[in-house]
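Structure first, then comments.
The values are calculated or read from the model by the stated rules, or taken from the named source; none is laboratory data. Not measured: the values here are computed from a predicted model. Cβ placement follows ideal geometry from the backbone for every residue including glycine, while neighbour counts extend to all protein chains displayed. Keep in mind that these areas ignore ligands, DNA and RNA; they rest on the heavy atoms of the full protein, side chains included. Shrake-Rupley method; radii C 1.70, N 1.55, O 1.52, S 1.80 Å.
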Amino acid sequence: MAAPKFRQFFKFPDLNSVQWFPGHMAKGMYKMQAVLVRCDCILEVRDARIPFSSRNEKFSNIVAGRPRVVILNKADLSTKNTRKAIKERLGKTQVIFTNSAKQHHASIRKIIPAALNTMNEYGITADSKKGFFRIMVIGLPNVGKSSIINAIRRMNTKKGNVAHVGGVPGITRAVQTNIEVCSDPKTYLVDTPGIMPTYVKDVEIGFKLALVGTIKDHLVGVEYIADYLLFTLNRQKLFSYVEYFGLDNPTDDIDQLLIHIARKMGALRKGGVLDLKQAATRFLTKFRHGHLGAILLDTIHDYKIT
C-alpha cells in the first residue's frame, strides 16, 4: 500500500473577528498593574507544549527589570528531549518544568526556592522585606496558574485549595491577593486572571493557543481546531491517534476521521445524522489529556525571546 500523502501547509481561516481580549481581562490587567508595585517577584506560567507562543507580549513591559521565574507547566504533555534546547533559548531566565496536575510533584517544591534565589540576585532578601515576600503569578488563560498556587500551598502548608481551577479558560476572573503559601520564609502569592494579548498577529499562534485550550473552542471553531490538530500530528509523524481510535491507517482527511470517531461513539444529532462537532470535541479532549502522546507545538528557533 502506498504511503499516505499529507498536506504540507494548513489553510487557516480568517480569525480577525475573534474577540481575544474580553472586558474582564482589561479590568484584570489594570488591577494587576496596580498590585504589582507591592510585589517582589513574578512567576510567569506558560504551557510547556507552546513555551514561546504562550507568552503574552503585554507582560514584557510588566516583568522588565523585575525578578522573574518562568514556569513551563503541563510538562508531562510536552516532549522531554527538547527541554534543554528550550532552556537555552530562554537564556538567563530561571526556568522550571512542572506538572501541576500532580499536586505533590517534585517540581513544585523547586518553585519557591527558585523565586527566593532570583530575588536574592536582585538584592531582595527577607531582611530588606521585613520578613515576608509577595509574588505575583501571571500567564495566559488555562495554563495552570491556580493549580500551581494550590500545589505550592498544599506542599508547604498542608492546606487545601484556595484558588479556583477548571479545565476551561477564564476560571479566575479577578486578582486574588495575599494567598499564604509558605511560612518560612513567609511568602504570599497573588493570583491573577489569565490575560490574552489584545491582538494575535500570527494566525497559527492563535490556533496553537486554541489547540491547548487557552482560547475557548467556539471562538475559533472546534472542527477547525481538530483539523489543525490532525495536520500537526501528521506533520510531526505522531500517529498514535490511529491505534487509539481504531483506524486502519493514518489519514489527512478530517471528515474521514471525525465520521469514524462519531460512529464509534454513537454520536448522533436529531434525525440520526452523525454529530461531527461532538467527534471533534472528543478528538481534542483526548489530545489535551495526553492520550495521543506528548508533543512540542512550537519550533524552538522561530521565536524572538523576551
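Can you compute the FRET efficiency between ASP248 and GLU57 using 1/(1 + (r/R0)^6), with r the Cβ-Cβ distance and R0 = 45 Å? Round to the nearest 0.05.
Details: r = 44 Å, r/R0 = 0.98.
Efficiency for this residue pair is about 0.50.
From the cross-link list LYS5/LYS80; LYS58/LYS102; LYS110/LYS186; LYS58/LYS208; LYS186/LYS216, which pairs have alpha carbons spaced over 26 Å apart? The partial results should precede the final answer.
Values: LYS5/LYS80 28 Å; LYS58/LYS102 30 Å; LYS110/LYS186 16 Å; LYS58/LYS208 18 Å; LYS186/LYS216 37 Å.
In this structure, LYS5/LYS80; LYS58/LYS102; LYS186/LYS216 lie more than 26 Å apart at Cα.
Gain in length, THR93 to LYS80, computed as 0.36 nm per residue apart minus the alpha-carbon separation, to one decimal in nm?
Details: separation 13, 0.36 × 13 = 4.68 nm, distance 1.90 nm.
Full extension from THR93 to LYS80 adds 2.8 nm.
Taking the helices alone, the chain has a mean residue ellipticity at 222 nm of -10500 deg cm²/dmol, built from -39,500 (n - 2.57) per DSSP H run of at least 4 residues and averaged over all its residues.
Assuming R0 = 45 Å, what is the FRET efficiency of ALA106 and LYS270, from their Cβ-Cβ distance, to the nearest 0.05? Don't skip to the answer; put the middle values down first.
Values: r = 50 Å, r/R0 = 1.11.
My answer for the efficiency is 0.35.
Counting only protein heavy atoms and using a 1.4 Å probe, the accessible area of GLU223 comes to about 80 Å². Using alpha carbons only, how many degrees (0 to 90, rounded to 10) separate the axis of helix 254-265 from the longest principal axis of the chain? For helix 254-265, the angle is close to 90 degrees.
Hey, can you find the accessible area per residue of the chain for me, probe 1.4 Å, expressed in square angstrom? Normalised by residue count, the accessible surface of the chain is 49 Å². Extending 7 Å from the Cα toward the beta-carbon at both ASP202 and HIS289 defines two label points whose distance is 3.1 nm. The alpha carbon centroids of the stretch 81-96 and the stretch 210-245 are separated by 26 Å. In the chain, the longest principal axis of the Cα atoms and the axis of helix 111-121 are about 50 degrees apart.
Go ahead and run the numbers for FRET between SER183 and LYS27, Cβ-Cβ distance against an R0 of 22 Å, rounding to 0.05. Mind showing how you got there, number by number?
Values: r = 32 Å, r/R0 = 1.45.
Rounded to the nearest 0.05, the efficiency is 0.10.
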